[in-house]
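Everything below concerns the one structure shown next.
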Amino acid sequence: MEEQTKIEETVDSIKDYVNTRYELAVLKASDKLAHIGSNTISFVPIIFLTILTAFMLSFGLAFYLNTVFENQYCGFLVVGGGYFVIAFFLICVRKTLIAKPFRNKIIKELFKSSNL
């Protein structure tokens, strides 16, 4: 009879342990997701303003080059060609300069130890 009680207590302790580990894993995953999400969302306004600034500066440069070349279209063609060269370069090096650092940053954030 006493042995049966000890077995039940052990089984209950194991169940409690498994439940606690599960809850801890859920909390850690939630913390990681919240951290990555907040970092991502915090960059959205910065990216938006950077794109808007680049857009305005591009128009300014194109209009300036139009006056330099004394042509209505040449400045826009030069600026567009510059963006084409930049885009082509980024396409060529996207795996090493863009994808790999972002992937490493996400992995680093996921496996960073947290104090829960």
| said: Any residue in region 71-85 that is of a type in the set (Phe, Trp, Tyr) sitting within a Cβ distance under 6 Å of a residue that is at pLDDT 95 or above? List the pairs, counting only those 6 or more apart or interchain. | reply: PHE76/ALA62
| in contact with a helix residue (DSSP H, G or I) (Cβ under 9 Å, 6 or more places away or on another chain) and either among the aliphatic types (A, V, I, L, M) or surrounded by 11 or more Cβ atoms within 10 Å (Cβ to Cβ) (or both): does that describe ILE98? | yes
| note | From the option list ILE41, ILE36, single residue qualifying as more than 21 Å from ILE86 (Cα to Cα), in contact with a helix residue (DSSP H, G or I) (Cβ under 6 Å, 6 or more places away or on another chain) and among the hydrophobic types (A, V, I, L, M, F, W, C) is ILE36
| said: What are the pairs with Cβ atoms under 7 angstrom where one residue, in region 30-55, is surrounded by 11 or more Cβ atoms within 10 Å (Cβ to Cβ) and the other, located anywhere, is modelled with pLDDT under 95 and of a type in the set (S, T, N, Q)? Sequence gap at least six, or different chains. | reply: ASP31/SER114
| Looking at (1) closer than 30 Å to LYS112 by Cβ; (2) of a type in the set (D, E, K, R); (3) over 21 Å from the mean Cα position of the chain (by Cα), can you tell me which one ASP31 breaks? | (3)
| Extreme residue, nearest to LEU65 (Cα to Cα), among residues of region 86-115 that are touching a residue at least 12 places away in the same chain (Cβ under 8 Å) and part of a helix (DSSP H, G or I) | ILE106
| task | Kindly indicate whether any position in region 62-74 is among the polar types (S, T, N, Q), out of contact with any strand residue (DSSP E or B) (no Cβ under 8 Å at 6 or more places or on another chain) and part of a helix (DSSP H, G or I). | result | yes
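The values are calculated or read from the model by the stated rules, or taken from the named source; none is laboratory data. Computed from a prediction, not measured in an experiment: that's the story for all the values here. Neighbour counts are summed over all protein chains in view; Cβ atoms, including those assigned to glycine, are modelled from backbone coordinates with ideal geometry.
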